[in-house]
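Every number in this text was worked out from the coordinates using simple rules, so none of it is lab data. This is a predicted model, so every value here is computed, not measured. Please note: Cβ atoms are built from the backbone with ideal geometry, for glycine as well, and neighbour counts cover all protein chains shown.
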Ligand code: AMP
């Protein structure tokens, strides 16, 4: 090897949604990745020797790093499922049992999709004994269904932002844990990492209190590529490692389990994709047909976003029906927005609620959409 990537050299850069309409490039170094790799291949997940692993998440999503790093380092085999196949349920359901999978790495959303097929069960997947989830909330409903279909499998919930390299906490969810918690915990930090809970001033809160989740350790990135402004807002220096303010809310319970309690800001997860609502708003407001618009998530009872809606004050137009206007806006948006960020439902209003500071009151619309 003539040019090894080592130490602080950048190993990969993954772009995530940003508030200003331009994505942020998270720089992950060799050392960052090494810290994650040591953990994911270590004793905690108790993986088979040469794992045969599902490789479903796209490479643009850092969850994919979990499957390829772990499998390639352990001399295993990756079974790739293309995007097209993930979206063709009949073909997907036919293929999956033929892959002899031992380890299933995905978002809970993808597992929900697989669970639609009643044949997704241990009888048809005799070697599948490990499920590793990350990227969004693992709901009790998903866990219960999966556990009933794969009673002998170990099911792990892991948590982490791209900025701290894939995942930094983990817990094996057992029937006992499921019974004990109303919302499943996200676990404990890996050994080389520290997690703090801080208040609005950045001071640590008292034990058991809620606040922002802050991560410090060797897997925390040095910051965003060519973006010192955004880097300064979220990354801080500790004595040895970088410290990342996640924007996630959480608290530790008396057993030391970290509990996830949502977001401080307007970032959401939709079908596993990380989206900043401000970026969608920017896109919507660029449309020629739009006077003013905001994007609003609709949640289900398990805190999962099920739909992204656009609330729009339209400019004068000649469309005879709202559906035609929606089609025209969507067509325009596909020219400059990622498909997963485009709202699926459009609601037209004469005006949007305005808050005291004169801006559109997103919180009020979120409340209205979710009847709270
Ligand atoms: P990403 O950078 O795409 O991996 O997204 C990171 C964000 O996803 C985190 O900051 C959380 O808001 C959310 N997230 C990741 N894992 C979990 C989990 N296990 N439970 C709840 N939220 C999660």
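Cut-off 10 angstrom, C-alpha nodes, Gaussian network model of the chain. Which of 182, 219, 109 fluctuates the most?
The residue that fluctuates most here is 182.
Based on other C-beta atoms within 10 Å, arrange 215, 13 from fewest to most.
13, 215
Taking every DSSP beta bridge with both residues inside the chain, roughly what % is antiparallel (nearest 5)? All intermediate terms of the calculation are to be shown ahead of the outcome.
Details: 47 of 64 bridges.
The antiparallel proportion sits near 75 percent.
Could you please rank 1, 338, 66, placing first whichever residue has the fewest other Cβ atoms within 10 Å of its Cβ?
Ordered by Cβ neighbours within 10 Å, fewest first: 1, 338, 66.
Where a ≥ b ≥ c are the square roots of the eigenvalues of the C-alpha gyration tensor, would you call the stretch 299-372 rounded, which needs a/c under 1.5, or, failing that, prolate if a/b is larger than b/c, or oblate?
The shape class here is oblate.
Quick one: 93, 36, 319, fewest Cβ neighbours within 10 Å first, how do they rank? Walk me through the numbers before you get to the answer.
On the way: 93 17, 36 27, 319 14.
Least crowded to most crowded, the residues run 319, 93, 36.
Specify the angular offset, from 0 to 90 degrees and rounded to the nearest 10, of the alpha carbon long axis of helix 140-149 from the longest principal axis of the alpha carbons in the chain.
Helix 140-149 sits roughly 40 degrees off the main axis of the chain.
In degrees, nearest 10, range 0 to 90: what is the angle between the Cα axis of helix 30-40 and the longest Cα principal axis of the chain?
Compared with the principal axis, the helix lies near 70 degrees.
Ranked highest first by average number of other Cβ atoms within 10 Å, how do 94-100, 325-331 line up?
Descending packing order for the listed peptides: 325-331, 94-100.
Let me have the relative contact order for the stretch 2-139, percent, based on Cα pairs under 8 Å that are six or more residues apart.
Once divided by the residue count of the stretch 2-139, the mean separation gives 19 percent.
Where does helix 63-73 land angle-wise versus the long Cα axis of the chain, in degrees 0 to 90, nearest 10?
So the helix axis and the longest Cα principal axis differ by about 20 degrees.
Explain nothing, just the number: relative contact order of the chain, from Cα pairs under 8 Å at least 6 residues apart, as a whole percent.
Dividing the mean separation by the residue count of the chain yields 12 percent.
With runs of 4+ DSSP H residues as the only contributors, calculate the mean residue ellipticity of the chain at 222 nm using -39,500 (n - 2.57) per run, divided by the residue total and rounded to the nearest 500.
Helix contribution divided over all residues of the chain: -7000 deg cm²/dmol.
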